[in-house]
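The values are calculated or read from the model by the stated rules, or taken from the named source; none is laboratory data. These numbers were taken from a predicted model, which means no experiment stands behind them. Cβ coordinates were reconstructed from backbone atoms using ideal geometry, including for glycine residues, and neighbour counts include every protein chain displayed.
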Amino acid sequence: MRAENCNTEEEHLKTYSAKPSEFNADWLVVDAEGVSLGRLASQIAQLLRGKHKPIFTPHIDTGDFVIVVNAEKVRLSGTKEETKSYFRHTGHPGGARFTSYRELLEKHPERIIEHAVKGMLPHNRLGRQIIKKLKVYVGPEHPHQAQQPKILEKL
């Protein structure tokens, strides 16, 4: 709203807050081939949250859907390929389970990116809602052609 169109000064000073019905989420395709895992995950997290949009509101999901292809070709720096491991606990005494990066890359390469992005999102209801908009696939193909996704060239 421009200043000359405002009737009072109070109208001019109002803070804009996005409402879920006011925006449309785009579909974006990201190619993970040869990209560093941390950089890729932080940029995907920003796209999922909607921080790249002028209507970003912290407590509303204003982000886009993100499709990641070639998940198995993401790279790590240094010696992380040999030393990195993922921890989970079964909930029972002595239930600590460790999975190496190599093991996860062989069995479920899409989980590597999902895990990294999930750690960069809010750890609350909003974060659980946002992570559902991330679609990660092994290889260059994905089943979301009907949504007419836009390809992001450079991340």
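Worth a mention:
- Residue ranges of helices (runs of 4 or more DSSP H) in the range 76-119 with at least 3 members within 24 Å of the chain's Cα centre (by Cα): 101-107, 110-118
- Qualifying residue in the range 126-143 (condition: in contact (Cβ under 8 Å) with a residue 12 or more places away in the chain, surrounded by 10 or more Cβ atoms within 10 Å (Cβ to Cβ), of a type in the set (Lys, Arg) and under 22 Å from ARG49 (Cα atoms)): yes
- For ALA71, the test of being under 21 Å from GLN129 (Cβ atoms) and either small (Gly, Ala, Ser) or at pLDDT below 90 (or both) is failed.
- Residues satisfying the stated conditions in the range 21-37, i.e. outside any strand (DSSP E or B) and either out of contact with any helix residue (DSSP H, G or I) (no Cβ under 7 Å at 6 or more places or on another chain) or more than 17 Å from ASN70 (Cα to Cα) (or both): SER21, GLU22, PHE23, ASN24, ALA25, ASP26, VAL35
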